[in-house]
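Right, one structure below, let's go through it.
The values are calculated or read from the model by the stated rules, or taken from the named source; none is laboratory data. Only a predicted model underlies this, so the values are computations on that prediction, with no experimental measurement involved. Because the Cβ atoms are built from the backbone with ideal geometry, glycine has one as well, and the counts that use them run over all protein chains shown. For accessibility, only protein heavy atoms count, side chains too; no ligands or nucleic acids. Shrake-Rupley method; radii C 1.70, N 1.55, O 1.52, S 1.80 Å.
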Amino acid sequence: MFDSALSAVICVNTDNQTINFYAHLGGNSCSHLAVRYNSQPFDDVFFQKLDRILQGYRQKNPNVSLAKVSLVLPDHVFLTDIVNVPSLGRKATDNSLNLAIDAIYKNSDELKLHTYPMTQNKQTATFGLVGARKDLLQRITDVCAANGVGIQNITFTANAMANGAFALNPKLKNGTFLLLDIKESSARFAFVNKGRTVGRYSLPFGYSMLYKTRFAAEDVLFDHSSGELLVLNAKERARAKQLTITGEEVLQDEDAMDNQDVIEFNAAGEDGELFDSDARATSRGGRKLPKFMLRDAPTDGDGFMYENFRIFMKWTLDLIAGNPDIIAQGPIDTVYVNMPRTLNFLFDMVNAEAEENKVKFAPLIAGASFDSSAAFARDLELFGGFHVRQFNKINNF
């Protein structure tokens, strides 16, 4: 079930600021250790802390080999794109593709890029594109090498997640579909076309918002605190400037100052970390909608959970509708969902709307096989890091 050529997977998660170590211990046994850090993504402080974390992990886990490691980096480090060029002879088409890439990405010489053919007709040749900054890939490889960590390949989280899905459900390995991995406090989508990861998207909430007794307020699930603070400060500056222009004395209102302090505190917290969704939900209410836009309240817990799951359905349909270039390469009629088996009752409720939505939701792993794979499904992107040589090779760096 594991690629024996790899000894471990290291995954950088900048959302929750952790370095994850996923090591194969033999058989179907793995160890998963997450180490927290505090810095901006990939700044100098990050690399200093990564250096210390790698040193510390090797010292505390001498029996874990880091000689052949698969490195999984955040999705935002990589670009994915679809490029159309005139369908000409092979050499002319390649030249057109290079010219198109240079025109789209002015810093293309700073990027490590992979391209692959998707579809072609008499008029147009369509290529997939994936890439990342050369300097970032090199720097993180150098830090790992300095600590005796042998990086065999680098890929992005959504791609590793898709690889994990293929390993757990081999029937999908050449398929075209949308993959949705729902964790407790986050969710990630991966567009898969003919077995290749061609796009991705993430949400800052997961199955913990599937409340049994109340509706989830979608606008509260997103952290808008930084934007709200920016708007508040802009309004205060504009007000102060207006008063100065009119010749009036500018005075700070004590209540306004106190309120601003509270907003800054709520935005960052005492330890500089953002509050989670539940904390934000208790500090401010959701947007109030007119009655005609509201659905009837359910009468039981399953009904509330389904109504809250409809937020995931909405985002799924929006993503499909909003990515015509991807859908043009192959229609998506199924969304495979990875979430705890206790939530599988939702599929029948969700698929009652399949005819209207033109898409069906299905569990990633169905039947009894789920029990033996539950641990791997829980850490899908980490497990998938062990399968980078079996699937989606074009997305390896």
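Listed values, structure above:
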{"quantity": "Cβ crowding within 10 Å averaged over residues, with 155-162, 295-302, 390-397 ranked highest first", "calculated": "155-162, 390-397, 295-302"}
{"quantity": "Sequence-distant lysines (8 or more away, or on other chains) whose Cα lies within less than 27 Å of K360", "calculated": "K171, K173, K183, K194, K212, K314"}
{"quantity": "For the stretch 1-54, alpha-carbon Rg and Dmax in angstrom", "calculated": "13.0, 39"}
{"quantity": "Under 5 Å, built H, 5+ apart or other chain: amide partners of M118", "calculated": "T126, F127, G128"}
{"quantity": "The stretch 125-235 - Debye-derived log10 I(q)/I(0), Cα point model, q = 0.11, 0.24 Å⁻¹", "calculated": "-0.61, -1.20"}
{"quantity": "Which of N16, V69, S87, positive extreme of dipole for the stretch 1-136 (C-beta unit charges)", "calculated": "V69"}
{"quantity": "In the stretch 145-232, trypsin sites (Lys or Arg not before Pro) in a DSSP loop with at most 14 other beta-carbon atoms within 10 Å", "calculated": "K194, K212, R214"}
{"quantity": "Computed E for T334/T213 - FRET, C-beta separation, R0 30 angstrom, nearest 0.05", "calculated": "0.45"}
{"quantity": "Residue-span extension gain [R52 to F222] - 0.36 nm each, minus C-alpha spacing", "calculated": "57.9 nm"}
{"quantity": "Calculated FRET efficiency for the pair A103/V35, C-beta based, R₀ 35 Å, to 0.05", "calculated": "0.25"}
{"quantity": "Mean accessible surface per residue for the stretch 100-218, computed with a 1.4 Å probe while every protein chain stays in place, in Å²", "calculated": "42"}
{"quantity": "Tensor-based shape of the stretch 105-152 (alpha-carbon gyration tensor, a/c under 1.5 rounded, otherwise prolate or oblate)", "calculated": "oblate"}
{"quantity": "More than 16 Å apart - percent of Cα-Cα pairs taken over the stretch 156-221", "calculated": "50"}
{"quantity": "Contour minus Cα-Cα distance for T342 and D15 (0.36 nm per residue)", "calculated": "115.1 nm"}
{"quantity": "Estimated FRET transfer efficiency when R0 is 41 angstrom, pair D318-K60 (beta carbons, to 0.05)", "calculated": "0.40"}
{"quantity": "Two-decimal Rg to Rh for the stretch 1-126 - Kirkwood Rh, Cα set", "calculated": "1.13"}
{"quantity": "Global geometry of the stretch 80-171, whether rounded, prolate or oblate, following the gyration tensor of its Cα atoms and the 1.5 cut on a/c", "calculated": "oblate"}
{"quantity": "For E236, solvent-accessible area (1.4 Å; no DNA, RNA or ligand), Å²", "calculated": "60"}
